[in-house]
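One structure below.
Every number here is computed from the coordinates shown, using simple stated rules; none is lab data. Since the structure is predicted, the reported quantities are computational estimates derived from the model, not experimental observations. Methodologically, a virtual Cβ is constructed for each residue, glycine included, from the backbone with ideal geometry; neighbour enumeration extends over all protein chains shown.
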């Protein structure tokens, strides 16, 4: 009887410890986030570089990432999302994604292919546009 009680107590303690560990260690990097429709707030004005970036984004990125980088359900994630804040995905990560593609790691949309026809300068302007959208939506 004592062994059953001891075993039960250990099982409860192990279960609680596992739940606590998972809640502490499950960061945005460790889970696939579901695509939730994003309503993107637009700034009243965009900088000149962001305006250029918007044009390039509309030409090369909107078909997957949606209008105003809001994402397209079942196609590609929103870029106006906390996952893509500058402290988590710096500007160079956008450059690398465009140049080399990227393996899916936060979302369940599949891998992103490289994007043809964009220079590093083009991508820099696209990043300016995305960052200004992010700031307007409370993402730094």
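Can you name every residue in segment 106-140 that is assigned to a loop (DSSP other than H, G, I, E, B), without any contact (Cβ under 8 Å) to a residue 24 or more places away in the chain and farther than 23 Å from residue 41 by Cβ?
110, 111, 113, 114, 116, 119
For segment 103-122, give me each residue that is surrounded by 15 or more Cβ atoms within 10 Å (Cβ to Cβ) and either under 18 Å from residue 78 (Cβ atoms) or out of contact with any helix residue (DSSP H, G or I) (no Cβ under 9 Å at 6 or more places or on another chain) (or both).
106, 107, 109, 112, 115
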